[in-house]
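The values are calculated or read from the model by the stated rules, or taken from the named source; none is laboratory data. Because the structure is predicted, anything quoted here is derived from the model rather than measured. Cβ atoms come from the backbone with ideal geometry, glycine included; neighbour counts cover every protein chain shown.
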Amino acid sequence: MRKLAGILVVLSLISAGCQTKEPPAEAQSAEKSTRYEDLLALWRQFRDFQKPNVVEGVPDYTPKAMSAQQLGAGEFLKRLAAIDPAGWPIDRQVDYHIVRAEFNGFDFDHRVLRPWSKDPCFYAVLETSEPDVPAREGPQIFGALCLTDFSFPLDKDQHLLFAGKLRAIPGILAQAKSNLTEVSNDQRLLGIRQKRDEGTDLDRLGERLKGQHADLVPVIVESKKAVEDFRAWLENQTGLSKTPSGIGVVEYDWTMKNIHYVPYTWAQQLELVQRELERSLAYLRLEEQRNRDLPPLEPSKTLEEQRRRLAEGNDHFFKFLRERDIFTVPEYMRLNTESRSFIPPEQRDFFSQVDYRDVLPLRCHSIHWLEKQREKFNTHPLRSVPLLYNIWDSRAEGLATGFEEFMMGAGLYDRNPRSRELVFVMLAFRCIRALCDLRLHSNEWTVEDAVKFAVETTPFGWAKLEGATIWGDLAIYLNQPGYGTSYVVGKNQFEKLLADVARQKGGAFRVKAFLDDYFARGIIPASLIRWEMTGWDDEMKILLNEDRSEPQKR
């Protein structure tokens, strides 16, 4: 491979007021280096630098602060450009590219996405669940309140932190109104929905804490008022429909290539996803023909039945993994089998439609949670923490989607062949969402166009017009380009890697050895794992040999 030191994308430097966070003193010199330790030191300093300043719980995303932050990043780029990894082993060159991707993600945030000024959903003030992937999907303010970070009843220290985050909500949303100067109509609609849901969640939180922490209830009430006020502010924003929501095909290609290391352009991904949609719909009909004499999959009729199905499916899933030598399953690995409430048929959105018919397909997708458990033991100096800017999406979502069909091929659903139909329904739905991602960012579709397409195209009408699933997904994809395609394109990359390694190993190929090696690499972009595991740099050459020396103007 050619020398890597000259491939960086240079941030455009802009005039700014007083800088809110100075780069470290070491950043003032950019001496040439071939030391891996210098890369790690630079990365750690950058990780601290990219965080916003926080005053009384309110992160500073004002124009002045963001301009100053962008200006301060220039020295970090100089230092990265001075590090030459050409002589390093492949795994360390991969680490160099991970750092480069995070630097480019920072650039892209400031140059193109600017979520603090464009995206009302960026100002999420309450999360009720933990993400199943390494970090929250899409851009979000630093330090948002997530209920799963706390154990109830709260101890003294947690109570102080929890109350502080609640009290910061009015200040966060007041600042957001000043910062949001580039909002499109699509983003406004998505923001309104988000704040509606947050208001409901705050009401539930207040009810939940009445008995344990009554002193927090008035704080929750004030937070709810701020959320409702922000929602009303969004509803009163008009004349925004002409502002484009998507980033455009040129910038889409740029972020795929320079941040997510996906070796496919917008056009190539469109072709790949369309083909996978056609295949999934065709094979769904073939499976239905094959299974026509079998009884249909009946949804659970009671909460007790669904709990029983979850427990039995979970046992079967783990027994299958161990007995068929799929991958090493440590004793600590567990999947949740709790089902707290029964969802009536008329309220079931897409994934509950699947899960109430057979729990196994989504047990496969829940490999996310098994990976999170495994990653707690990751001691790698760089890969042991979630990578910024969702650059892991092709690896995390691609594996989880690919694993559904992988396990079908391995025989997991043989006891009930009609479950194979669900695998193709889910693949079709992910292709549909991927097409929404692509068409939103090419500015061919609005969010409402995308929702309409998803509802009309998803088999059996399982995508609900007002369902939280499709609207929530599109809020992520619009503000995190490529996340919607990562399920399908990443699945393709996973299957390609499996085929490549099988070709290299020949008769010595074993699934368990392949997956154990794959997992050991960490949750990093799929193309970088392929380079490490095969030694083949063909995708890296595609990704690196046409880099722009300057970011293109929009």
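Does the stretch 114-149 hold any residues that are among the small types (Gly, Ala, Ser) and in a strand (DSSP E or B), and which are they?
The answer is none; no residue qualifies.
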Task: Pair list, Cβ under 6 Å, 6 or more apart: the stretch 98-112 residue assigned by TED's automatic domain parsing to the domain that holds Trp43, other residue assigned to a helix (DSSP H, G or I) and polar (S, T, N, Q) - done: Asn104/Asn258; Phe108/Thr255; His110/Gln70
Open item on the list: For the condition touching a helix residue (DSSP H, G or I) at 6+ places or on another chain (Cβ under 8 Å), surrounded by fewer than 21 Cβ atoms within 10 Å (Cβ to Cβ) and not small (Gly, Ala, Ser), what is the one hit in Leu399, Leu388, Leu427?
Closed with: Leu388
Open item on the list: Can you tell me which of (1) in contact with a helix residue (DSSP H, G or I) (Cβ under 9 Å, 6 or more places away or on another chain); (2) touching a residue at least 40 places away in the same chain (Cβ under 8 Å) is the one Leu71 doesn't meet?
Closed with: (1)
Open item on the list: Just to be sure I understand, how many residues within the stretch 374-405 are of a type in the set (Phe, Trp, Tyr) and within 13 Å of Leu362 (Cα to Cα)?
Closed with: 1
Task: Within the stretch 434-475, considering residues that are touching a Ser or Thr at 6+ places or on another chain (Cβ under 8 Å) and of a type in the set (Val, Ile, Thr), the one surrounded by the fewest Cβ atoms within 10 Å (Cβ to Cβ) - done: Thr446
TODO: Could you tell me which numbered condition Thr20 fails, if it satisfies all but one of (1) surrounded by fewer than 17 Cβ atoms within 10 Å (Cβ to Cβ); (2) modelled with pLDDT under 90; (3) assigned to a loop (DSSP other than H, G, I, E, B)?
DONE: (1)
Task: Selected residue (only one of Gly313, Gly246 is under 21 Å from Phe403 (Cβ atoms) and at pLDDT 95 or above) - done: Gly313
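So which of Lys224, Lys177 ends up being in contact with a Gly (Cβ under 9 Å, 6 or more places away or on another chain) and at pLDDT 95 or above?
Residue meeting the stated conditions: Lys224.
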- [ ] Output the number of the condition that Val511 fails; it satisfies all remaining conditions of (1) aliphatic (A, V, I, L, M); (2) in contact (Cβ under 8 Å) with a residue 40 or more places away in the chain; (3) closer than 26 Å to Tyr252 by Cβ.
- [x] (3)
TODO: Would you confirm whether any residue within the stretch 205-212 is touching a Gly at 6+ places or on another chain (Cβ under 9 Å) and among the polar types (S, T, N, Q)?
DONE: no
Open item on the list: Restricting to the stretch 296-329, and then to whatever is among the polar types (S, T, N, Q) and not in a loop (DSSP other than H, G, I, E, B), can you tell me which residue is nearest to Tyr413 (Cα to Cα)?
Closed with: Asn314
- [ ] Go through the stretch 260-289 and give me each residue that's among the small types (Gly, Ala, Ser) and buried (at least 17 other Cβ atoms within 10 Å of the Cβ).
- [x] Ser280
Open item on the list: When you scan the stretch 342-355, do you find a residue that is surrounded by 15 or more Cβ atoms within 10 Å (Cβ to Cβ), in contact with an Asp or Glu (Cβ under 8 Å, 6 or more places away or on another chain) and in contact (Cβ under 8 Å) with a residue 60 or more places away in the chain, even just one?
Closed with: no
Task: Search result, residues across the stretch 61-76 that are under 26 Å from the mean Cα position of the chain (by Cα) and over 15 Å from Asp109 (Cα atoms) - done: Phe76
Open item on the list: When you check Ser394 against the structure, is it in the same structural domain as Arg510 (by TED's automatic domain parsing), surrounded by fewer than 21 Cβ atoms within 10 Å (Cβ to Cβ) and either among the hydroxyl-bearing types (Ser, Thr, Tyr) or closer than 24 Å to Thr469 by Cα (or both), yes or no?
Closed with: no
TODO: Tell me, please, whether a residue that is touching a Lys or Arg at 6+ places or on another chain (Cβ under 6 Å) and under 30 Å from Glu75 (Cβ atoms) can be found in the stretch 171-193.
DONE: yes
- [ ] Please enumerate the residues belonging to the stretch 47-87 that are of a type in the set (Gly, Ala, Ser) and out of contact with any Cys (no Cβ under 9 Å at 6 or more places or on another chain).
- [x] Gly57, Ala65, Ser67, Gly72, Ala73, Gly74, Ala81, Ala82, Ala86, Gly87
TODO: Return yes when Leu412 is in contact with a Cys (Cβ under 8 Å, 6 or more places away or on another chain) and part of a loop (DSSP other than H, G, I, E, B) and no when it is not.
DONE: yes
Open item on the list: Looking at (1) surrounded by fewer than 20 Cβ atoms within 10 Å (Cβ to Cβ); (2) in contact with a helix residue (DSSP H, G or I) (Cβ under 7 Å, 6 or more places away or on another chain); (3) within 30 Å of Arg196 (Cα to Cα), which one does Trp88 not meet, given that it meets all the others?
Closed with: (3)
